[in-house]
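Written out below as structure tokens is the structure these notes cover.
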Amino acid sequence: MTTAFANLDHLPPLPRDSSPGIGCIGAGFIMADCHLPAYRAHGFNPVAIASRTLAAAGAVAARHGVPRAYGDFRHLLDDPAVTVLDIAVPPDVQPAVIAEALQRAGKIRGILAQKPLATSFAEARKIVEECQRAGVRLVVNQNMRYDHAVRGCRTLIERGTLGDPVLATIEMRAIPHWMPWQERLGWATLRIMSIHHLDTFRSWFGTPTRIFASVRPDPRTALKFAHEDGICLYVLEYDSGLRCSGLDDVWAGPAREGAEADARVGFRVEGTLGMALGTIGWPAWPQRQPSTLDYTTTAGGWQRPRWPEAWFPDAFVGPMAELLRDLEGTAPATATGLDNLLTMALVDAAYLSAREHRAVAVAEITGHF
């Protein structure tokens, strides 16, 4: 059923000019299977890719028809055709890559950085301030904002279709693929998975006043590396009375140990005039499974718009499209580095809350920011 789907603004607007040369730094899964397929599908112009080895960069370049590959990202930065960067490297490496890029400010006009932007709010703030001083636009790849069901739900909220928000929840029960760099950083869920959900709540409702979080290690992941934030539960409090909650369960039962699996991600938004229910399709990857959105209002009946797009990889066009539209002067980006500092602060507040067993105000992290 596709009734009314065209009215929910579920697709991010594209730039008028898709020709700026994009230099891609990083050749892992996110770049190779999400960013580049989305860019190619929408006519964007990736002109070069760099990785730690020329072989890795060359393999992804050949797969996606990227003209040039480099084994040193500094050579990519000096490529005359590169004016926009798409950076997909670990968060403890990203600040140094951005700092090097800012040495080419003027030639490099815009940067799309991976989330998390850095290892902490304080470190992320330094990056944002350095980009501002250099006059380089910075957008953060908080790509869940651009999932089509998430974006459609935001339209319902912004238009008042659901009335005043009362309660919103996001529940994830899925077993992610952990990246090797997570072991050296000791992170499992809050900065990797929950950051998507916390940012989604922010994109729907703004920044909450405080957060209370409770975490425990994931028994399976604990066999691979030490961490505190495996299974995470948190509550966001807004001064309006709105409450949001998240449950991020990366254990999801003993599915890898012989039990049946039940992997899913869902959200629910309740308002004074209506309710929206959504599913997120990424746990089915590599199977393509579009997210869904159903909603009902006091006018009666369910509306069930359906779209062919899936979060992986289609939604990944959104952040780069925002950056290009900002650079061409069509519309200012929303997922900017400055905006993302509040998501980073919310994540840091969640860690502090879990460690001290108390609610933490976001202002405790941001100070006078």
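What follows is calculated from the coordinates using simple rules that are stated; it is not laboratory data. Predicted model, so just to flag it, every value in this text is computed and none were measured. When we count neighbours, we look across all protein chains shown, and the Cβ atoms used for this are built from the backbone with ideal geometry, even at glycine.
Fraction of C-alpha pairs exceeding 19 angstrom in region 151-292: 55 percent, rounded to a whole number.
Annotation: for a label point projected 7 angstrom from Cα along Cα→Cβ of Glu270, residues of region 158-196 with backbone N closer than 17 Å are 162-171. The modelled label-to-label distance for the pair Thr53/Ser18, using points 7 Å beyond Cα in the direction of Cβ, is 3.3 nm.
Residue ranges 326-333, 257-264, 86-93, 8-15 sort as 86-93, 8-15, 326-333, 257-264 when ordered by packing (mean number of other C-beta atoms within 10 Å per residue, highest first).
Against the empirical curve 2.2 N^0.38 Å, the C-alpha radius of gyration of region 284-331 lands at a ratio of 1.64. With the convex hull of its Cα atoms as the shape, region 105-233 has an orientation-averaged projected area of 10.2 nm². Extension gain for Lys224 to Trp181 (0.36 nm times residue separation, less C-alpha to C-alpha distance): 14.3 nm.
In this label model, Ala99 and Val166 are separated by 5.1 nm, measuring between points 7 Å along each Cα→Cβ vector.
Start at zero, step by 10 Å, and the Cα-Cα distances of region 329-369 spread as 30, 41, 19, 8, 2 percent across the bins. Taking the DSSP beta bridges with both ends in the chain, the antiparallel portion is around 60 percent. Percent of C-alpha pairs per 10 Å bin in region 54-101, short distances first: 23, 56, 21.
Cross-link reach is defined here as a Cα-Cα straight distance under 17 Å, omitting same-chain residues fewer than 8 places apart; for Lys115 the lysines meeting it are Lys126. How high is the relative contact order of region 5-141, given as a whole-number percent (alpha carbon pairs under 8 Å, six or more residues apart)? Relative CO of region 5-141 lands at 21 percent. So for region 5-141, what percent of the C-alpha to C-alpha distances run longer than 20 Å? The answer is 44 percent, as a whole percent. Averaging the sequence gap over all C-alpha pairs within less than 8 Å and six or more residues apart, then dividing by the number of residues, gives the chain a relative contact order of 21 percent. Summarising the amide proton neighbourhood of Tyr70: residues at separation of 5 or more, or on other chains, whose placed amide H is nearer than 5 Å comprise Ile49, Ala50, Ser51.
Computed extension length for Ser240-Lys126: 37.9 nm, one decimal, from 0.36 nm per residue of separation with the Cα-Cα distance subtracted.
Across the chain, Cα-Cα pairs more than 37 Å apart make up 17 percent of the total. Database remark: amide H of Arg216 closer than 5 angstrom to the amide H of Gly230, Ile231 (H placed geometrically; neighbours at sequence offset of 5 or more, or on other chains; Pro and chain starts carry no H). Placing R0 at 56 angstrom, the Cβ-Cβ distance between Ala81 and His357 gives a FRET efficiency of 0.60 after rounding to 0.05.
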